[in-house]
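Worksheet: the structure to be examined is printed underneath.
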Amino acid sequence: MRVAVIGAGVIGLSTALCIHEQFHGLVPSLELEVYADRRTPHTTSDGAAGLWQPYPSDHGNLQETLWNKETFDHLLRHLGSPAAKEMGLFLISGYNLFTQPVPDPSWKNIVLGFRNLTPKELELFPGYSHGWFNTALMLECRSYLPWLTERLRQRGVKFFHKKVESFQEVSGAGVDVVINCTGVRAGELQPDPELQPGRGQVIKVLAPWVKHFIITHDVESGIYNSPYVIPGSEFTVLGGIYQHGNWSEENSAQDHKTIWENCCRLLPALREAKIVEEWSGLRPARPRVRLERESVRRGHCQAEVIHNYGHGGFGITIHWGCAMAAARLFGSILRERQAAGPPRPRL
Amino acid sequence: MAAPKVAVVGAGLIGLSTALCITETCPSCSVTVLSDQFSPNTTSDVAAGILIPHTYPDTPIHVQKQWFKETFSHLFAISNSAEASEAGIHLVSGWQIFKNTPKQQLPFWSDVVLGFRPMSEAELQKFPQHRFGQAFTTLKCDCPPYLLWLEKRLKASGVQIYARKVADLWELHGEYNIVVNCAGIGAHQLVGDKKLFPIRGQVLKVQAPWVKNFIREGDGLTYIYPGIDSVTLGGTREKDNWSLSPDPGTTQDIFDRCCSLEPSLRGAQVVKVKVGLRPSRQCVRLQREVLSQGGVKLPVVHNYGHGSGGFSVHRGTAKDAAHLVGECIAALQGSSSRAKL
């Protein structure tokens, strides 16, 4: 059985690994292939700071909250393992700041040590009247994606550095199941008006004295349009841009100014930080994640497609829960084939 | 008295911060710092510089708390300013963990640090051998940056800093009106204080920039303190051990103890091994003394013996010492006007 994963960002690689881990033993003929025109360090995932944190409000989407929890718990279990450093995984504490009272987030019991900020702590952040403190996780994709890639190569998964133009291109070549992890460009394979780019820009600086993440929120500007500072293992990421519908991957001087001024106001010592890099990326924004099966048929070609895209600005946060869900969908495809198809080796 | 000439002996954390406080409270003073050691070779440079107080058995708790509060709020303001990175001051959050629940669950400083609270069950799961813990956010002063920043501020205030080994405080009596003794462990020899003893500490400075939180075992023997350029792993507490040479067996033991608390440290490269002698005493010697020899008097202010708690109380004790210097000046001016009568 041939399975093609399209996309080698955090979603594509983790879904591939999840499926291979769960089904390789059951389906000895399983051949998994990953197709991508962009690989680490050039994917959208690579540009993200890597902080595990869902949006402050889940808008009642319990399914996504569960996937977030699954991801956090999965990563937490890996924290004490020798692989953690190679994965780019570590604990980090920090602050979420608000200009007005807000309800506790859906993830307050997922993260560690969640609490409200004390008045003395709020003195650090003039202009903000409320906030949260908690310990969460960082998963740096420039380490995690190579780690996933290595795990997949060791399992014999093949990688193809090419752009897939249509589902038929792979299904016509004999692939039985296509996993669509194409992120923001999923619309090129199948139009999806609900999928829009949520353009972001970040400045990477050297500021090793910063040990906490600081995420500010402004109800009027909307998510990610308020400054944030996220210290990584090498660089600190400064951000605070979210432009819905903007496809430009070019760095904007105006956005640079916005990020720099806002972050330096938040943390005056950042003025001394050396700027190392600037990057723009397109969050694959969608009202909800598209995670479902679809039979795609054209002429004699039929393929089962599992869609797994549209993770917005929380791909890293939700990735493992979605990979497991995609694997469950894959399992149901296998069961159907076993029931319907010619005799196969026992599943 | 025109411009009282004050000599501060010692250029570690206590000497430099005391000199600075003296320039602040007594702008007319001429202050000179004399020391045989400077950053990065002082005892202060070995320490991680984390603000978690040590308890001095013979100092009233309210005094220790006041010193800590003074120090914490002073550094809090710097950490929040544009000078934070140059001064080496930064906030850090983490956990103090105990294998057995301690009797004293609320230390005297719990309301001075930020967000102090017991650790949750989920947080404790990271430390399977530990039953109880406290989570909080505190400050860290990285050395050399902090000491170099103090030196810079001193020079900007017109303070002279000289390399000089002072073998006896009397050496200074002709040139200076008042001597401030911030010699740390050096006071054992300098003023013959037999109540002062070293508690030897060995630490490792490692490259582990992914470690963002501190972890400290309640007994203070094992700790992981992330700094700006390195993470400090410790440590030892060896009373009356004067050896400044790193011990390789101890290095391995510290590394293993820290890795058992934070497994990811196995991948960390050890950059440096350092040893410091904590200048320990039952209480900090913070007092005036008038030395007398052949009819000549020399006013001295002692400010040493901070042991494991130097960083946590340095600003508070420096301010008290500066206040005592003020008293010395008043006494000198009083006696000089009496001499005129």
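Using a probe radius of 1.4 angstrom, the carbon and sulfur fraction of the accessible surface of the protein assembly as shown is 52%.
Taking Cα centre as origin and charging only the Cβ of basic (Lys, Arg, +1) and acidic (Asp, Glu, -1) residues, the dipole magnitude of chain A rounds to 800 debye.
Largest first, the residues A:Thr216, A:Thr40 sort by 1.4 Å accessible area into A:Thr40, A:Thr216. Considering only A:Ala285, A:Ala325, A:Gly313, the residue lying farthest towards the positive end of the dipole of the range A:228-330 is A:Ala325, judged by Cα position with unit charges set on Cβ. Straight-distance candidates among the aspartates and glutamates for linking to B:Lys152, with alpha-carbon spacing under 16 Å and chain neighbours fewer than 8 residues away dropped: B:Glu24, B:Glu83, B:Glu86, B:Asp142. Length gained on full extension, B:Glu121 to B:Lys165, computed as 0.36 nm times the residue gap minus the Cα-Cα distance: 10.5 nm.
Residues of the range B:203-231 that bury at least 40 Å² of accessible area when the other protein chains are present, relative to the chain alone (probe 1.4 Å, heavy atoms, ligands and nucleic acids excluded): B:Trp210, B:Lys212, B:Asn213, B:Ile228.
How big is D, in µm² s⁻¹, for chain A by Stokes-Einstein at 10 °C and 1.306 mPa s if Rh is the Kirkwood radius over C-alpha pairs?
Roughly 76 µm²/s, to the nearest whole number.
Computed with a 1.4 Å probe over protein heavy atoms only, the accessible area of B:Phe197 comes to about 40 Å². Interface residues of the range A:49-91, defined as those with an accessible-area decrease of at least 10 Å² between the chain by itself and the complete set of protein chains (probe 1.4 Å), are A:Leu79, A:Gly80, A:Lys85, A:Phe90, A:Leu91. In the protein assembly as shown, helical runs assigned H by DSSP with n ≥ 4 each contribute -39500 (n - 2.57); averaged across all residues and rounded to the nearest 500, the mean residue ellipticity at 222 nm is -9500 deg cm²/dmol.
Mean sequence separation of contacting Cα pairs (under 8 Å, at least six apart), scaled by the length of the range B:5-335, corresponds to a relative contact order of 26 percent.
Here is the tail figure for the protein assembly as shown: Cα pairs spaced more than 39 Å apart come to 43 percent of all pairs. In terms of distances greater than 25 angstrom between alpha carbons, the cross-link table entries A:Lys162/A:Lys257; B:Lys5/B:Lys165; A:Lys85/B:Lys212; B:Lys194/B:Lys297; A:Lys158/B:Lys212 yield A:Lys162/A:Lys257; A:Lys158/B:Lys212. Within the assembled protein chains, the solvent-accessible surface assigned to A:Met138 is about 0 Å², based on a 1.4 Å probe. Computed with a 1.4 Å probe over protein heavy atoms only, the accessible surface of the protein assembly as shown comes to 41 Å² per residue.
Centre-to-centre, using Cα atoms only, the range A:79-127 and the range A:183-242 are separated by 17 Å. Between chain B and chain A, roughly 2700 Å² of accessible surface gets buried, counting both sides and using a 1.4 Å probe.
Interface residues of the range B:117-166, defined as those losing at least 50 Å² of solvent-accessible heavy-atom surface relative to the isolated chain (probe radius 1.4 Å), are listed as B:Arg117.
The values are calculated or read from the model by the stated rules, or taken from the named source; none is laboratory data. Every value quoted in this text rests on a predicted model; they were computed, and no experiment measured them. In this analysis, Cβ positions are derived from the backbone assuming ideal geometry, glycine residues included, and neighbour counts consider all displayed protein chains. Calculation scope for accessible area: heavy atoms of the full protein, side chains included, ligands and nucleic acids excluded. Shrake-Rupley method; radii C 1.70, N 1.55, O 1.52, S 1.80 Å.
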